[in-house]
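Chemist: Below are the structure tokens for one structure; questions will follow.
The values are calculated or read from the model by the stated rules, or taken from the named source; none is laboratory data. This structure is a prediction, so every number in the text was calculated from the model and none was measured. Here the Cβ positions follow ideal geometry from the backbone for every residue, glycine too, while neighbour counts run over all protein chains shown.
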Amino acid sequence: MRFVRLYVYLTQKCNFKCKHCFIRQTNPEQFRNPKEIDFDLLVKFLQDFGVGAKSVNFTGDGNPILYSRIGDALRVAKRMVGHVSINTRGYIPKEVLKAIAETDTVIYYSMDWFGKKADEEMGFDNLWDIQMRMLNIFAGLKLKVAVRSTLMRDNYGDVMQLIRLVENFRLRGFDFSIEIMPYLPYHNEERRPTLAQVKSITEICLTKFFTRLLTPWWTCIYPLHRDRASRWWDKIHGGRLCEAGRNYGRIAIKEDGTLLPCPFEVKPIGKYEYVEREWVLNREQLEIEIEKYLEETPVDKSCKECIFFKYCGGGCRVVNNLGYEQICPVRDIYEG
């Protein structure tokens, strides 16, 4: 069982109080007693699934740079997998930046609001000033940066300005890009963007080669990508674009050893247990749980009738498992 993309939840520690954080809404106790992944468990996970993997991303319920052994984590991932990325926001200490530079780690830098509005929405004083200072530091160090924005109903204008901000850095020759993901309605449907907003951002994605919309139907929109999807996904994924839990797809581990088929998913597919001072995993049971997950994920009826179904397979499993309809602009763009 091999996976191309590995995701590791490093820590629940967080120095932000984001208004749109579903974790603070559903599990506030976590921030009073935050957990972090045992370093030996991290190494074991990379040993079990790192062979053949192309990348490992450090993420988490909190801010990954607050992990007590963040430098060691970056270095061991670089040695065992090769390509490393980290999700973070705000100020990054010099020692962490040094480890990031040494390991050629890609920084997924979260920015959801433009200007001083960011300070209020993220619950952090002077956040905007800090973010702008950090972007210029990243540029000076020639680091690879992907600004990651969550598109919500009330930050559409902010995302548009962030796209322009990233474009300005690119015009100056820096290795910057931007990735945009529609808000997943874990607990707040009102923050979910409208179809018109998603459609607008998607149309920008078709004209800005450095902008990528992180939804499973993105690669089926543009004809060049659709042809590539047909050749690749039909062969590897049985026609479904979603990589969750599939061989040559993605797998994530949480701070306590719980395994997820996707870093955004809430349904577990297994868990490492600490037995006789060693982390162990029942691989046979994991395969059974993955197959069950793939078989039991619902697909919208409207998706099955769509001409793009063979490429996207019904969109995002997470949205389906949360019980929401897909917000998909594909047919609207091509038929409108």
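Chemist: Looking only at region 172-193, how many residues end up being in contact (Cβ under 8 Å) with a residue 60 or more places away in the chain and either of a type in the set (S, T, N, Q) or not in a helix (DSSP H, G or I) (or both)?
Modeler: 10
Chemist: Here is a further query. Inspect all residues belonging to region 127-136 and state whether any of them is under 30 Å from R79 (Cβ atoms), among the β-branched types (V, I, T) and not in a loop (DSSP other than H, G, I, E, B).
Modeler: Looking for residues that are under 30 Å from R79 (Cβ atoms), among the β-branched types (V, I, T) and not in a loop (DSSP other than H, G, I, E, B), one finds none in region 127-136, hence no.
Chemist: Could you please find all residues in region 151-195 being modelled with pLDDT under 90 and over 21 Å from K117 (Cα atoms)?
Modeler: Matches in region 151-195: L184, P185, Y186, H187, E189, L195.
Chemist: Would you confirm whether any residue within region 153-160 is among the charged types (D, E, K, R), surrounded by 14 or more Cβ atoms within 10 Å (Cβ to Cβ) and part of a helix (DSSP H, G or I)?
Modeler: yes
Chemist: Follow-up. Scan region 163-179 residue by residue and report those that are of a type in the set (A, V, I, L, M) and either over 13 Å from T211 (Cβ atoms) or touching a helix residue (DSSP H, G or I) at 6+ places or on another chain (Cβ under 6 Å) (or both).
Modeler: Correct list: L171, I178.
Chemist: If you scan region 306-328, which residues turn out to be buried (at least 19 other Cβ atoms within 10 Å of the Cβ), closer than 19 Å to R250 by Cα and either among the acidic types (D, E) or in contact with a Pro (Cβ under 7 Å, 6 or more places away or on another chain) (or both)?
Modeler: Those that are buried (at least 19 other Cβ atoms within 10 Å of the Cβ), closer than 19 Å to R250 by Cα and either among the acidic types (D, E) or in contact with a Pro (Cβ under 7 Å, 6 or more places away or on another chain) (or both): C312, G315, C316.
Chemist: Step by step: first the residues of region 251-265, then only those that are touching a helix residue (DSSP H, G or I) at 6+ places or on another chain (Cβ under 7 Å) and among the β-branched types (V, I, T), then the one that is surrounded by the fewest Cβ atoms within 10 Å (Cβ to Cβ). Which residue is that?
Modeler: I253
Chemist: Consider S149 carefully, then state whether it is surrounded by fewer than 20 Cβ atoms within 10 Å (Cβ to Cβ) and either in contact with a strand residue (DSSP E or B) (Cβ under 8 Å, 6 or more places away or on another chain) or at positive phi (or both).
Modeler: Numbers: surrounded by fewer than 20 Cβ atoms within 10 Å (Cβ to Cβ): no; either in contact with a strand residue (DSSP E or B) (Cβ under 8 Å, 6 or more places away or on another chain) or at positive phi (or both): yes.
Here the answer is no, as S149 does not meet what is asked.
Chemist: Which pairs have Cβ atoms under 7 Å, sit 6 or more apart or on different chains, and link a residue in region 68-97 that is over 26 Å from D129 (Cβ atoms) to one that is buried (at least 16 other Cβ atoms within 10 Å of the Cβ) and charged (D, E, K, R)?
Modeler: Listed by first residue and then by second, the contacts come to S68/E36; V84/K78.
Chemist: Still on this structure, please answer the following. Among residues belonging to region 42-63 that are within 17 Å of the chain's Cα centre (by Cα) and farther than 21 Å from K271 by Cβ, point out the one that is modelled with the highest pLDDT.
Modeler: By that ranking, first place goes to S55.
Chemist: Would you be able to tell me the number of residues in region 35-88 that are crowded, with 20+ Cβ neighbours inside 10 Å and touching a Cys at 6+ places or on another chain (Cβ under 8 Å)?
Modeler: Of the residues in that region, 3 qualify.
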